[in-house]
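To keep things clear, I will list the structure first and then write my remarks on it.
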Amino acid sequence: MSRIGRKPIDIPAGVKFSVTENNVVTVEGPKGTLTQAFQQCISIKVEGNQVLVTRSSDDKFERAIHGLTRALINNMVDGVLKGFEKTLEINGIGYRAVKQGNTLVLSLGYSHNIEMVPPAGVTVDVPSQTQIIVKGADKQAVGEFAAKIRSKRPPEPYKGKGIRYNTEFVRRKEGKTGGKGKK
């Protein structure tokens, strides 16, 4: 049995959990509503205030998605209760971020500004010109939008310029040395 898959998921107060007959899970809470369909071979049952995820056989595919299904459901419950957030930092002279309405405008040293609109359910806060906070109930949507922002100017190892996560460490490299070169 999967160590993660066999753990029950507690449903906290204020969270509504429902499963339809074709394994479509809907979770409602203070931060929003999330819906996701899961494989038919995995059984999702609500017993009291806990959710149990079981598989029907020891087939390789079912073993592979047993723990995954449980982790995704747990992330849905955590997301509608507490939400998820990713913080990005901008390093570089003249690099900055501004929020105009719902649009994030990035000035990253290109000849034009980059405008990005967050997907539904994701909000962006810009507390300072060099910090971006991406928040939402859906962990995948938050991580994907943060990765899209980071991809506009990934951190480079020589001067450390670019957009990086606040928990990310950019390993710095030494530049060229002033020795004798080819003639």
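The values are calculated or read from the model by the stated rules, or taken from the named source; none is laboratory data. Source: prediction; values computed, not measured. Heads up, the Cβs are rebuilt from the backbone with ideal geometry, glycines too, and the neighbour counts pull from every protein chain shown. The accessibility values were calculated without ligands, DNA or RNA, using every heavy atom of the protein model including side chains. Shrake-Rupley method; radii C 1.70, N 1.55, O 1.52, S 1.80 Å.
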(request) Taking the residues in the range 2-18 that are among the hydrophobic types (A, V, I, L, M, F, W, C) and touching a residue at least 60 places away in the same chain (Cβ under 8 Å) as candidates, determine which candidate is surrounded by the fewest Cβ atoms within 10 Å (Cβ to Cβ). (result) I4
(request) Kindly indicate the residue of the range 54-78 that is open to solvent by 60 Å² or more (accessible area, probe 1.4 Å) and in a helix (DSSP H, G or I) and also nearest to D138 (Cα to Cα) among those meeting that condition. (result) L68
(message) Tally up the residues in the range 19-40 that are in contact (Cβ under 8 Å) with a residue 24 or more places away in the chain, within 21 Å of L68 (Cα to Cα) and open to solvent by 60 Å² or more (accessible area, probe 1.4 Å), please.
(response) 4
(request) Give just the number: which of (1) closer than 18 Å to K31 by Cβ; (2) surrounded by 15 or more Cβ atoms within 10 Å (Cβ to Cβ) does L104 not satisfy? (result) (1)
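Per-residue answers, yes or no, for (1) among the charged types (D, E, K, R); (2) within 20 Å of G121 (Cβ to Cβ):
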| residue | (1), (2) |
| --- | --- |
| R3 | yes, no |
| K31 | yes, yes |
| V53 | no, no |
| R70 | yes, no |
(request) Select from the range 140-159 the residues that are open to solvent by less than 40 Å² (accessible area, probe 1.4 Å) and closer than 28 Å to E28 by Cβ and list them in ascending order. (result) A141, V142, G143, F145, A146
(request) Identify the residue in the range 79-119 that is in a strand (DSSP E or B) and small (G, A, S) and, among all such residues, is nearest to T33 (Cα to Cα). (result) A97
(request) For the range 82-96, name all the residues that are open to solvent by less than 60 Å² (accessible area, probe 1.4 Å) and within 23 Å of K139 (Cα to Cα). (result) G83, F84, T87, L88, E89, I90
(request) Report yes if some residue within the range 164-176 is of a type in the set (G, A, S) and surrounded by 17 or more Cβ atoms within 10 Å (Cβ to Cβ); otherwise report no. (result) no
(request) Among what's in the range 120-139 and is surrounded by 14 or more Cβ atoms within 10 Å (Cβ to Cβ) and outside any strand (DSSP E or B), pick the residue that is modelled with the lowest pLDDT. (result) G121
(request) Quick one: count up the residues across the range 62-109 that are closer than 30 Å to R3 by Cβ, among the acidic types (D, E) and under 19 Å from the mean Cα position of the chain (by Cα). (result) 2
